[in-house]
1. Using a Förster radius of 56 Å, what is the FRET efficiency between residue A:337 and residue B:94 based on their Cβ-Cβ separation? Nearest 0.05, please.
2. Name the residues whose placed amide hydrogens come within less than 5 Å of the amide hydrogen of residue A:517, ignoring near sequence neighbours (fewer than 5 apart) on the same chain.
3. Round to the nearest 0.05 the FRET efficiency obtained for residue A:327 and residue A:137 when R0 = 56 Å and r is the Cβ-Cβ distance.
4. Report the extension gain between residue A:88 and residue A:447 in nm, rounded to one decimal, defined as 0.36 nm multiplied by the number of residues separating them, less their alpha carbon distance.
5. Give the interface area between chains B and A as buried accessible surface, both sides summed, probe 1.4 Å, in Å² to the nearest 100.
6. For residue A:479 and residue A:366, FRET efficiency with R0 = 41 Å and r from the beta-carbon atoms, rounded to 0.05?
7. Name the residues of the range A:217-260 whose accessible area falls by at least 50 Å² when all protein chains are present instead of the chain alone, probe 1.4 Å?
8. Expressed as an acute angle from 0 to 90° and rounded to the nearest 10, what is the orientation of the C-alpha long axis of helix A:111-121 relative to the principal long axis of chain A?
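The values are calculated or read from the model by the stated rules, or taken from the named source; none is laboratory data. Please read all numbers here as calculations on a predicted model, not as lab measurements. Every residue, glycine as well, gets a Cβ built from its backbone with ideal geometry; the counts of neighbours run over all protein chains shown. What goes into the accessible areas is simple: the full protein's heavy atoms, side chains included, and nothing from ligands, DNA or RNA. Shrake-Rupley method; radii C 1.70, N 1.55, O 1.52, S 1.80 Å.
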Amino acid sequence: MTRRPDVATSAPGWHRRMIQSLLYGRGVDRARKAQARLGLALVGFALVYAIIAIRLVLYAATADTHMVRRGGSSDAVATARPDIIDRNGEILATDIKTPSLFAEPRRIIDPDEATELLAGVLPDLDSREVRDRLGSKRGFAWLKRDITPVQQQEVHRLGVPGIGFLPENKRVYPNGNEFSHVIGHVNIDNQGIAGIEKWIDSRGLADLHRAGFGVDREQEPVRLGVDLRVQHALHDELVAARGKYRADAAAGIVLDVRTGEIVSMVSVPDYNPNNPREALEPNRINRLTTGVYEMGSTFKALTIAMALDSGKVTLNSSFDARGSLRYGHFNISDYHAQNRVLTVPEIFTYSSNVGAAKIALGQGVENHKAFLSKVGQLDRLRTELPESAEPIVPKHWGELNTVTIAFGHGLSVAPLQSVMGVAAIVNGGYLIPPTFLKRSQAEARAIAKRVVKPETSAAMRYLMRLNAEKGTATKADVKGFYVGGKTGTAEKVINGHYSKNRLMTDFMAVLPADEPRFLVLIMLDEPKPIAETHGFATSGWNAAPVTAKVITRIAPLLGLDPRFDLPSAEHLILASMKETR
Amino acid sequence: MMRFVHFIVVAALVAAAVYVYRIKFESAVQAERVAKLGAEIKRERDAIAALRAEWAQLENPVRIEALVQRHLSLKMLDPTQIEQFDSLPERPPMPAPPSSDAIATIIDGLEPAVPTGVAAGPLPTTPRTAR
């Protein structure tokens, strides 16, 4: 490095001038050059400061989000869940904040003393476990989740160092038992483990939580298609019916046949989702989706619909139902045996097993199988609920199977599945997968699949209404709502044999039968004969009157107007059928 | 020229320092306010959620029904009690206002001194006895 020459304006010495000329060249004005450089530096620094200023502004603008995220993750360990509301906006499940007690064992000075003090305030704490947790060298340990504000105050007053509270989200179900099987429940960390709650998690909420979001309440509520008031009425009646007929279980569904929305679904015994431990008892399962049953004579509706839809059978066709049908060493007889030639409407209203079997045989095994598959009875039905059961379909489907399945034995389906099938038959022929969410008619039409002709559907509505006017379903006829229906009684299989006195009865009602809006299924598991039923325990004596009670209560809630001046089925439905043809 | 620039730069430096300090201070105040309001909103939201849950519990049909059965003599609705709007009979023509209030004339006959304004007014309803 050369020594910097002193820039002197006054008469520099010759050696200086020489060095200058050597370094900078001849004839260069040093002063002007320095000024230019200074200017350059000035601009450079200004630029640097401008960049810093802009960065500062940017930091100020974006700093917010960082702060919020840091603040959000520190509270609320149990995840926040969206509210669940019914079709009218009533709350079915919501979150509230409750304090939870935790400890930082490393900071605890005397674990024994702390344990003793805490046990004084929270007597239900397990002292040994608390002592172990406090004595460990961990940084964090839960002591008790979900304590009351009073307990929080008392613990706070103890003044034990190393113990603190975290506000946590706690799921509450204000309606208790009534929605247990629909909504399901959550675990202590607020994660859905059954029902719609689990479905919400599977839709991506769980992933959201793992990423650290979703602790806030800002989530769109989940709107279901169920109706709180209808659910209450159904639940109330089923609990009463279960007591009255001393049944093992009772279950019911109300389905909107035009949209496939499940307006109500009850299966008693149920459990209180606020106390999910009850849910583990096997008797409290949801019989409508997780159980499969032989539905009995309600299946005749499907059999006859198949025959009418094929065109080979009309309402005026008749079948020989004399005596009983021998098939191998099986003997099929009628409960309400008429022992004569019956027409199709008579087979339906007398619920003739022999007649139904002969109708099905006339269609052939393959057609029978294909039709049941078409109306969704042979595959597992999946809804939003994670719980579903596979129907039990015979492995080798021979003529004998067709004979028994024609009247609802030998094929076990989830009751919800059979409701879907019958709904398709009465609603004009559209198979609509049922849903627990709200769905409009347009949306339903987009996913609907035509399975039978509209005329077949009208004929089936006529048969169901006729059955309520003068068949086995007269006890289900509620004046004013033009109910149509079909009874079903299935003998339960006990030790591989059909039992004569352990029955599963069900009733499928369509209302109103001329322009169906809703389908109601009521099911009783092993109802006992009582004095009022004159010793009978078949569907017409228990499930049918229960259905009538349910309809009386729910029809006004569903917005159906009673009409008292309607003519009989023959005039109303059958006549309109002939007109449209 | 340079001296002038120096002057401006120094002045700008001082002004910027003062301005930045003020902004910094103000932003700290605002941030604190935001945090406070945020916490308040959160608390209010939690309170609303708790109240809504309580409300839902209070208006739960099971509870209402139990209360009704205990305190009122209401019965289940029967379909025959429902009437359509269209099937209501025509509104009967308004009865002509009576030429003279029968009771008023009696009272007037009894006590001619009573001012007419009281007699023409609506009859006082009997106070309900608290059960």
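1. For residue A:337 and residue B:94, the calculated efficiency is 0.25.
2. Hits under the 5 Å cutoff: A:511.
3. With a Förster radius of 56 Å, E is 0.15.
4. Values: separation 359, 0.36 × 359 = 129.24 nm, distance 2.41 nm.
Additional length available on full extension: 126.8 nm.
5. So the total buried area for this chain pair works out to about 2300 Å².
6. 0.40
7. Listed by number, the residues meeting the 50 Å² cut-off are A:217, A:232.
8. 50
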